[in-house]
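Read through the structure below, which is laid out as structure tokens, and then see the notes.
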Amino acid sequence: MRFADGPGVHCDVHVEAAALRVWELVTDIRLPARLSPELQRVAWLDGADRPLMGARFEGYNHHEQLGEWRTVSHVVELDEQRVLAWVVTDADGRFGEPTLDPARSMASWRFEVETEGGGIRLRQSVLVGPARSGVTLALDRWPDREEEIIAFRLKELRAGMEATLRGIKTLAEEGS
């Protein structure tokens, strides 16, 4: 896979819980920071306190090879109890030109909640790019290793999503 192809990955899990309970956990933007190896903390911006179309939140990340950085995310899709999607921007210019423009996102993230049998199928997905990120920094340094770099990053993202989904599943099923 190449960066220009818009690399992405998704993971899903079956959760034996009510859709509303799963949705409450999915829309708690602070929860992934407790579950993810990279995301450290999250806070709503502009007086928001829950997902609304156009709402923004900042995230603080840490990666062993990249250090720490802040992002600003924008909710770009919200279908109550079904879909929550946001794009991540490089507000501080950590990886390139600073931007808050959702069209110039470093990544697009999405949760989907679907009824399945007696429970819920919860899916999390990410598309990397199109804007600069840690991936593009690595590609600048080692352009001949593009496929390896992309595969490595997708593997990291998959591991983080699997941890997040396992955590949501556990919390939802314990609370049911």
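Every read-out reported here was derived from the displayed coordinates using simple, explicitly stated rules and does not represent laboratory data. Remember, predicted model here, so these are calculated numbers, not experimental data. Cβ sites come from the backbone with ideal geometry, for glycine too, and all protein chains shown count toward neighbours.
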Just subtract the alpha-carbon distance of ASP5 and ALA151 from 0.36 nm times their residue separation and send over the number in nm, one decimal. 51.3 nm
Can you tell me the length gained on complete extension of the stretch THR170 to ARG30, counting 0.36 nm per residue apart and subtracting the Cα distance? 48.8 nm
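State, as an integer percentage, the relative contact order of segment 3-174 based on alpha-carbon contacts under 8 Å between residues 6 or more apart.
Values: 351 pairs, mean separation 49.7, N = 172.
That works out to 29 percent.
By the scheme Lys and Arg +1, Asp and Glu -1, what is the net charge of all other residues having a beta-carbon under 15 Å from that of LEU66? Present the calculation step by step, with values, prior to reporting the outcome.
Numbers: positive: ARG70, ARG94, ARG132, ARG141, ARG153; negative: GLU38, GLU64, GLU68, ASP90, ASP92, ASP140, GLU156.
My count for the surroundings of LEU66 gives -2.
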Read phi for every residue in segment 128-138 and hand back ³J(HN,Hα) as whole Hz from Karplus 6.51 cos²θ - 1.76 cosθ + 1.60, θ = phi - 60°, with x for Gly and Pro. 8, x, x, 7, 5, 7, x, 4, 5, 4, 5
Using +1 on the beta carbon of Lys and Arg, -1 on that of Asp and Glu, and nothing else charged, what's the dipole of the chain about the Cα centre, debye to 20? 140
Here the net charge surrounding GLU146, from other residues whose Cβ is less than 14 Å away from its Cβ (Lys, Arg +1; Asp, Glu -1), is -1
Taking the alpha-carbon centre of each part, the distance from segment 77-104 to segment 109-141 in Å is 12
Calculate one ³J(HN,Hα) per residue across segment 82-94 by plugging θ = phi - 60° into the Karplus curve 6.51 cos²θ - 1.76 cosθ + 1.60, and present them in order as whole Hz with x for glycine and proline. 9, 9, 10, 9, 8, 10, 10, 10, 9, 4, 9, x, 5
For segment 3-174, whose charge dipole is built from +1 on Lys and Arg Cβ atoms and -1 on Asp and Glu Cβ atoms, the candidate among ALA33, ALA103, ALA138 with its Cα farthest towards the positive end is ALA33
Positive-pole candidate from CYS11, ALA163, GLY117, dipole of segment 3-174, charges at beta carbon: ALA163
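As a check on your grasp of the helix formula, calculate [θ] at 222 nm for the chain: sum -39500 (n - 2.57) over DSSP H runs of n ≥ 4, divide by the residue count, round to the nearest 500.
-9000 deg cm²/dmol
To the nearest 20 Debye, how big is the dipole of segment 81-176 about its Cα centre, given +1 on the beta carbon of each Lys and Arg and -1 on that of each Asp and Glu? Spell out each step's value before the answer.
Details: 14 positive and 16 negative charges, 28 e Å.
It works out to roughly 140 debye.
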Could you state the angle between the C-alpha long axis of helix 146-174 and the longest principal axis of the C-alpha atoms of the chain, as a value from 0 to 90 degrees rounded to the nearest 10? 20
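Suppose the chain between HIS14 and GLN40 were pulled fully straight at 0.36 nm per residue; how much longer would it get relative to their current alpha carbon spacing? It would help to have the intermediate numbers written out before the result.
Values: separation 26, 0.36 × 26 = 9.36 nm, distance 2.58 nm.
Fully extending the segment from HIS14 to GLN40 adds 6.8 nm.
Just order 114-127, 133-146, 21-34 by mean Cβ neighbour count inside 10 Å, highest at the front, would you? Display every interim value, and only then the final one.
Values: 114-127: 16.7, 133-146: 15.0, 21-34: 19.2.
The densest-packed peptide leads the list: 21-34, 114-127, 133-146.
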